[in-house]
Amino acid sequence: FRYSCDICGKKYKYYSCFQEHRDLHAVDETGSYVCEFCGKQYKYFNPYQEHVALHTPISEPVSTYLLSVLYMFIL
Ligand SMILES: [Zn+2]
Ligand SMILES: [Zn+2]
């Protein structure tokens, strides 16, 4: 077997199977940060932030800021 899991030692012949198995560990171990768009979980903030940025258009922070300003005027 070419690929062995460094977390539980399970061995895989094909990389796709191995990768799928590792994804299971990734979900089990994480949970601190959950992507609100696709539900993917991240243990650390930095990779989570990078992932969420993929969902979010660059113009998003501006519109969010404008919305918060609008709310300030309404309230
Ligand atoms: Zn494993
Ligand atoms: Zn996501």
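The values are calculated or read from the model by the stated rules, or taken from the named source; none is laboratory data. Just so it is clear, the structure is predicted and the values come from calculations on it, not from any experiment. Methodologically, a virtual Cβ is constructed for each residue, glycine included, from the backbone with ideal geometry; neighbour enumeration extends over all protein chains shown.
For the reader, a short list of remarks on this structure follows.
- Any hit, the range 2-12, residues being in a helix (DSSP H, G or I) and either loosely packed, with under 12 Cβ neighbours inside 10 Å or at pLDDT 90 or above (or both): no
- Those residues of the range 32-57 which are under 22 Å from Arg22 (Cα atoms) and more than 10 Å from ligand 2 (Cβ to nearest atom), in sequence order: Ser32, Tyr33, Lys43, Tyr44, Phe45, Asn46, Pro47, Gln49, Glu50
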